[in-house]
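Here's the structure, in structure tokens; my notes come after.
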Amino acid sequence: MVLRTTDWPVAPAAGAAKGKTSPKRRNGAAAQAKKLGNLPEWKLGDLYEAPDAATLKADLAQSEQAADAMQARYAGKLAALLDGGKGGAELARAVREFEHLNDVLGRIVSYAGLLYAADTSDPKRQKFYGDIQEKITAISSKLLFFGLELNRLDDAALEAAMANSELGHFLPWIEDLRKEKPYQLDDKLEQLFHEKAVTARGAWDRLFNETMTSLRFSVDGEKLSLEPTLNRLLDQDGTKRRRASEALAKVFKENLRLFTLITNTLAKDKEISDRWRGFADVADARHLSNRVEKEVVDALVSSVRAAYPRISHRYYAMKAGWLGTKKLAHWDRNAPLPEEPQRVIGWDDARETVLRAYGDFSPRMAGIAGEFFAKGWIDAPVREGKSPGAFSHPTVPSAHPYILLNYQGKPRDVMTLAHELGHGVHQVLANKQGPLMAPTPLTLAETASVFGEMLTFRALLDQAPSKRERKAMLAAKVEDMINTVVRQIAFYSFERAVHTERREGELTSGRLGEIWMEMQRESLGPAIDLRSGYETFWAYIPHFIHSPFYVYAYAFGDCLVNSLYAVYEKAEKGFAERYLDMLAAGGTKHHSELLKPFGLDARDPEFWQRGLSVIDGLIDELETLES
């Protein structure tokens with residue numbers, strides 16, 4: 001699953017909690033809904049028709065039987081398959097069985113996860129999701145031996161078998177698997193880690209999710225959930241922005257003890273796992289799963305932090321001047337400019353905008369994206385209990401991805417649609433690699449999404465009817481890039497500090513707030529006034545809980561796409577085909593191989609500077625428009 005979050009609402013939402021609503025507000029909500037048009041809700045029948053579907057029950061039962069059979073047939077015997085005189089043919093057959101079983105298990109857990117995401121407050125869905133997690137964990141624990149035992153095979157014998165049989169098809173997956181060999185434990189310990197995940201990290205993740213969706217924030221007489229409260233930070237009215245920020249701070253503070261406990265517990269849980277596996281640095285496990293070298297990430301982080309003054313500091317000083325002040329309160333950081341059009345963008349317009357931008361680049365890409373609208377693969381409306389933010393869930397290659405949005409008709413919602421459709425197109429193209437090799441490391445998973453945003457932004461910018469609207473669009477794009485690059489590296493720096501300090505003992509709520517404020521001051525600069533209450537805003541970032549150190553992937557993807565788009569602008573025919581081929585590779589190639597056809601290399605020290613210079617250039621253009 002690819003989730004997306006920043007500390008502005010990626011998919012701004014609106015809507016009040018259930019209860020008494022004034023006629024004026026009801027009429028306003030009805031008028032808003034009319035402007036948005038018919039927002040689609042996904043159809044999960046391509047996975048299963050219902051939680052009690054006979055096909056789901058049959059898949060569960062057959063998967064358990066297949067896992068038992070694989071364990072009986074292959075556990076402790078993989079080495080013998082190589083010595084049986086048939087080279088790698090028998091082992092290739094075993095890998096095919098393992099792959100198929102992974103697809104079925106992935107389909108089941110994807111269905112449960114999507115059903116739960118659509119309404120995390122429904123007790124029936126909560127129970128179904130929890131029960132499925134337990135059952136899938138129990139079945140998959142029987143298959144743990146397979147990867148562990150593969151990694152114990154003799155390297156020379158395995159390489160010879162891959163060179164002379166169908167086993168060679170799985171070379172990328174086996175090579176990736178063997179990179180984890182130095183960090184794997186013995187079979188019993190791996191099984192313990194795996195089975196305990198449901199009552200350890202998985203349980204704390206779920207507690208965070210259900211707590212966050214249950215929170216209500218009192219704003220201007222309404223009880224709002226998280227998404228619509230965050231949406232108020234984008235309101236034209238400064239008073240509404242301030243009240244929303246104060247409501248967020250108040251509720252976060254009231255729940256700070258719980259969020260601090262969750263953060264400390266999960267950081268310790270990760271430290272235990274890292275220590276047993278032998279990871280030295282707090283982020284080494286993430287780098288391994290991303291198939292990216294620590295030196296590459298360190299170069300990215302250093303480049304972005306060095307660019308804070310000329311990017312975020314410079315831009316926010318400019319924005320403060322536009323809004324007639326020397327400093328912006330933190331709740332005004334993403335305030336819309338007076339030049340920004342206030343119309344609500346209906347769903348049909350958003351769809352046509354994105355598909356047109358995609359189609360101008362590649363009709364094939366637009367065709368794939370169009371299927372999401374035509375076949376019910378998108379869930380767009382805001383609903384009570386629905387997961388906040390936006391994501392594209394790949395599910396499994398035998399099915400197709402699903403996209404969750406909280407669409408509210410803002411320009412940033414259109415960019416979020418373009419972003420998630422980029423993920424979706426990538427996932428569809430990569431499906432041909434099969435369940436084991438379709439998944440893409442997070443760093444490259446963000447490439448297609450950010451490229452989709454860039455295509456849409458450039459198409460809209462070319463159509464800007466006036467200098468005034470061009471300025472508003474450029475400013476919005478710069479803010480998105482700052483949120484994607486600068487903010488995510490600040491988040492990564494916060495996580496590094498928290499996890500490093502947690503190795504020495506628990507952090508208090510106050511200490512977490514101090515680290516948060518330190519990283520925000522450094523990244524945002526002197527033109528942003530971080531008022532009282534902002535020290536609690538670390539508490540609701542879900543990536544800190546669900547996917548430690550995920551966030552640098554956004555900055556990686558944005559800078560990579562900036563460089564890639566510069567190549568596209570100068571390229572002759574053939575770029576779109578090479579780009580789609582890159583996406584279709586899924587997880588079969590290292591980032592260096594994927595970027596080579598475009599003349600790019602993330603290991604080059606100048607690579608990140610080229611990406612950051614694109615943001616510089618947009619800010620330069622804004623300065624020119626002001627002169």
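The values are calculated or read from the model by the stated rules, or taken from the named source; none is laboratory data. What you see is a predicted model; the values in this text were computed from it and never measured. Here the Cβ is made from the backbone with ideal geometry for all residues, glycine too, and neighbour counts use every protein chain on show. SASA here: full protein model, heavy atoms, side chains in, ligands and nucleic acids out. Shrake-Rupley method; radii C 1.70, N 1.55, O 1.52, S 1.80 Å.
Please give the helix 347-361 orientation as an angle from the longest Cα principal axis of the chain, in degrees from 0 to 90, rounded to the nearest 10.
Helix 347-361 sits roughly 60 degrees off the main axis of the chain.
Structure shown: which of K432/K596; K57/K270; K135/K250; K127/K432 lie over 32 Å apart, alpha-carbon to alpha-carbon? Let's see the in-between values first.
Working: K432/K596 22 Å; K57/K270 34 Å; K135/K250 39 Å; K127/K432 34 Å.
Distance filter (> 32 Å) returns K57/K270; K135/K250; K127/K432.
Provide the solvent-accessible area of I262, counting protein heavy atoms only and rolling a 1.4 Å probe, rounded to the nearest 10 Å².
About 0 Å², rounded to the nearest 10.
Ranked highest first by the average count of other Cβ atoms within 10 Å around their residues, in what order do 177-190, 195-208, 601-614 fall?
601-614, 195-208, 177-190
Which aspartates and glutamates have a Cα less than 15 Å from the Cα of K35, not counting those fewer than 8 places away in the same chain?
Qualifying aspartates and glutamates at Cα under 15 Å: D348, D349, D413.
Around G599, what is the net charge, scoring Lys/Arg as +1 and Asp/Glu as -1 over all other residues with Cβ under 15 Å from its Cβ?
That sum, taken over residues with Cβ under 15 Å, equals -1.
Going by alpha carbons, how many degrees (0 to 90, nearest 10) lie between the helix axis of 575-584 and the longest principal axis of the chain?
50
Once Lys and Arg get +1 and Asp and Glu get -1 on their Cβ, which of M365, P336, Y129 lies farthest toward the positive end of the dipole of the chain?
Of the listed residues, the answer is P336.
How large is the accessible surface of Y129 in square angstrom, using a 1.4 angstrom probe and rounding to the nearest 10?
50
Heavy atoms only, probe 1.4 angstrom, no DNA, RNA or ligands counted: give me D68, D360 ranked by accessible area, highest first. Intermediate results must be reported in sequence, preceding the final value.
Working: D68 65, D360 120 Å².
Correct descending sequence by accessible area is D360, D68.
I'd like to know which of H546, T500, I515 lies farthest towards the positive end of the charge dipole of segment 488-578, counting +1 on Cβ of Lys and Arg and -1 on Cβ of Asp and Glu.
H546
What is the antiparallel percent of DSSP beta bridges lying wholly in the chain, to the nearest 5?
Here the share of antiparallel DSSP bridges comes out near 70 percent.
Ignoring ligands, DNA and RNA, what percent of the 1.4 Å accessible area of the chain is carbon and sulfur?
On the way: 13210 of 25490 Å².
Ligands and nucleic acids excluded, carbon and sulfur reach 52 percent.
Rounding to the nearest 20 debye, state how big the charge dipole of the chain is about its Cα centre with +1 on each Lys and Arg Cβ and -1 on each Asp and Glu Cβ. Working shown, then result.
Working: 83 positive and 87 negative charges, 417 e Å.
Charge dipole of the chain: 2000 debye, to the nearest 20.
With only Lys, Arg, Asp and Glu charged, each at its Cβ (+1 for the first two, -1 for the last two), find how big the charge dipole of segment 203-278 is about the Cα centre; round to the nearest 20 debye.
That gives a dipole near 200 debye.
Per residue of segment 605-621, in order, report the coupling 6.51 cos²θ - 1.76 cosθ + 1.60 (Karplus, θ = phi - 60°) as ³J(HN,Hα) in whole Hz, putting x for Gly and Pro.
So the J values, rounded to whole Hz, are x, 7, 4, 5, 5, 5, x, 5, 5, 5, 5, 3, x, 5, 5, 4, 5.
Put +1 on the Cβ of every Lys and Arg and -1 on every Asp and Glu Cβ in the chain; which of P526, Q62, A571 then has its Cα farthest towards the positive end of the dipole?
P526
Just the accessible area for F193, please: 1.4 Å probe, Å², rounded to the nearest 10?
60
When the dipole is taken about the Cα centre of segment 76-165, and only Lys, Arg (+1) and Asp, Glu (-1) are charged at their Cβ, what size is it in debye, to the nearest 20?
Using only the charged Cβ atoms, the result is roughly 360 debye.
Would you work out the relative contact order for segment 157-304, in percent, from Cα pairs under 8 angstrom that are 6 or more residues apart?
Details: 73 pairs, mean separation 28.0, N = 148.
About 19 percent, as a whole number.
Going by alpha carbons, how many degrees (0 to 90, nearest 10) lie between the helix axis of 467-481 and the longest principal axis of the chain?
With rounding to tens, the tilt is 40 degrees.
Arrange the residues R96, R412 by how much accessible surface each exposes, largest first, with a 1.4 angstrom probe. Walk me through the numbers before you get to the answer.
Working: R96 90, R412 25 Å².
Listed by decreasing accessible area, they come as R96, R412.
Given contacts defined as C-alpha pairs under 8 Å and at least six residues apart, what's the relative contact order of the chain, whole-number percent?
Values: 846 pairs, mean separation 139.2, N = 627.
Computed over the chain, the figure is 22 percent.
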